[in-house]
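Have a look at the structure below, then the notes.
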């Protein structure tokens, strides 16, 4: 804090509010961070090291001459970078529930708080200390960024990871066409959180691994492999995907290779399904 005097000054002092810091060269303050700076006989400046918010306030350089007393007053404003001191923990919620994320920061001036969901667009979200999400959907899952800024220094940033649970949705199925004695492969893919469990059914009977049946589960995909296919294996199969939030199923078919396509020009053309010819499921 700068203060300059002339050679006619008889007494000088620094005060903080009504407290004397220095009187002449005598230090009255017990604060070790405070000292005088005198680069010449006419300078009487006050230096405060490692300034904090408690140093903010009015400082007075008091100058006494034989003729009159003069004062020079300085108001010290202390700026503090934004700092986030509390933010929501990572959370797991069910789709459709209401979610509130919180982010609290301090600083001087008061920080502004903004939110983004770090998806490809990362557009700003409408929120401040509280970000309210009504009826959260699965596409709103991800990493949320809270940013506190007040232009004193770089913004402070914290993150909240939100996992959204939702029931299974079967996204893709693959039926199979094979000949007697061949290998039939049916495939079913589902999306869900938590990861779905899969079951396979033929009519009302649940299928399990055996000499002719092999069931594989690879993450969100299940594959049913039927070895040495017989006439009795052709027909409808059901893939069931489930987690604690729901169940979804889909029908898949194991078809016999069409016996007509090469010998009957009338049947060559768009694919048709015939299921009642000699008890077989044909794909023609």
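Please determine, by comparing only the residues of region 122-162 that are assigned to a loop (DSSP other than H, G, I, E, B) and under 13 Å from the mean Cα position of the chain (by Cα), which one is nearest to residue 194 (Cα to Cα). Let's see the steps before the verdict.
Kept after step one, since they are assigned to a loop (DSSP other than H, G, I, E, B), are these residues of region 122-162: 122-123, 126-129, 134-137, 141, 150-155.
Next cut, under 13 Å from the mean Cα position of the chain (by Cα) only: 122-123, 141.
Values: 122: 25, 123: 27, 141: 13 Å.
Filtering first and then ranking leaves 141.
Matching residues to (1) surrounded by fewer than 16 Cβ atoms within 10 Å (Cβ to Cβ); (2) at pLDDT below 95; (3) assigned by the TED database to the domain that holds residue 94:
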site: 187; (1), (2), (3): no, no, no
site: 192; (1), (2), (3): no, no, no
site: 198; (1), (2), (3): no, no, no
site: 203; (1), (2), (3): yes, yes, no
site: 211; (1), (2), (3): yes, yes, no
site: 216; (1), (2), (3): yes, no, no
site: 226; (1), (2), (3): no, no, no
site: 231; (1), (2), (3): yes, yes, no
If residue 86 satisfies every condition in (1) more than 13 Å from the chain's Cα centre (by Cα); (2) farther than 30 Å from residue 10 by Cβ; (3) in a loop (DSSP other than H, G, I, E, B) but one, which is the exception?
(3)
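What number of residues within region 4-24 are part of a strand (DSSP E or B) and at pLDDT below 85? Spell out the reasoning first.
Initially, region 4-24 is screened for residues part of a strand (DSSP E or B), giving 4, 9-16, 19-23.
Right, trim to at pLDDT below 85 and you get 4, 9-10.
So the count comes out to 3.
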Would you check which residues across region 179-219 are free of Cβ contacts under 8 Å to residues at least 12 places away in the same chain, part of a strand (DSSP E or B) and over 30 Å from residue 95 (Cβ atoms) and list them?
205
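Return yes or no: is residue 1 under 28 Å from residue 109 (Cβ atoms), out of contact with any helix residue (DSSP H, G or I) (no Cβ under 7 Å at 6 or more places or on another chain) and in a loop (DSSP other than H, G, I, E, B)? If you could, list the steps in order and put the result at the bottom.
Working: under 28 Å from residue 109 (Cβ atoms): yes; out of contact with any helix residue (DSSP H, G or I) (no Cβ under 7 Å at 6 or more places or on another chain): yes; in a loop (DSSP other than H, G, I, E, B): yes.
Criteria met by residue 1.
Got a number for residues in region 32-70 being within 30 Å of residue 152 (Cβ to Cβ) and free of Cβ contacts under 8 Å to residues at least 12 places away in the same chain?
Within region 32-70, residues that are within 30 Å of residue 152 (Cβ to Cβ) and free of Cβ contacts under 8 Å to residues at least 12 places away in the same chain number 4.
Taking the conditions exactly as written (in contact with a strand residue (DSSP E or B) (Cβ under 9 Å, 6 or more places away or on another chain), at pLDDT below 90 and closer than 22 Å to residue 1 by Cα), does residue 77 satisfy them or not? Give the steps one after another, and end with the answer.
Working: in contact with a strand residue (DSSP E or B) (Cβ under 9 Å, 6 or more places away or on another chain): yes; at pLDDT below 90: no; closer than 22 Å to residue 1 by Cα: yes.
Criteria not met by residue 77.
Quick check: is even one residue across region 25-36 surrounded by fewer than 12 Cβ atoms within 10 Å (Cβ to Cβ), in a loop (DSSP other than H, G, I, E, B) and at pLDDT below 90? Give the derivation first.
Residues of region 25-36 surrounded by fewer than 12 Cβ atoms within 10 Å (Cβ to Cβ): 25-26, 30, 32.
Next, from what is left, pick out any that are in a loop (DSSP other than H, G, I, E, B): 25, 30, 32.
Of the ones still in play, those that are also at pLDDT below 90 are 25.
Yes, region 25-36 has at least one match.
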Can you run down the residue pairs with Cβ atoms below 7 Å, 6 or more apart or on separate chains, where the first is in region 119-146 and within 15 Å of residue 159 (Cα to Cα) and the partner is in a loop (DSSP other than H, G, I, E, B)?
142/118; 142/119; 143/118; 145/118
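Regarding residue 164, is this residue touching a residue at least 24 places away in the same chain (Cβ under 8 Å) and surrounded by 14 or more Cβ atoms within 10 Å (Cβ to Cβ)? Please lay out each step first, then the result.
Values: touching a residue at least 24 places away in the same chain (Cβ under 8 Å): yes; surrounded by 14 or more Cβ atoms within 10 Å (Cβ to Cβ): yes.
Against the criterion (touching a residue at least 24 places away in the same chain (Cβ under 8 Å) and surrounded by 14 or more Cβ atoms within 10 Å (Cβ to Cβ)), residue 164 qualifies.
The values are calculated or read from the model by the stated rules, or taken from the named source; none is laboratory data. This structure is a prediction, so every number in the text was calculated from the model and none was measured. In this analysis, Cβ positions are derived from the backbone assuming ideal geometry, glycine residues included, and neighbour counts consider all displayed protein chains.
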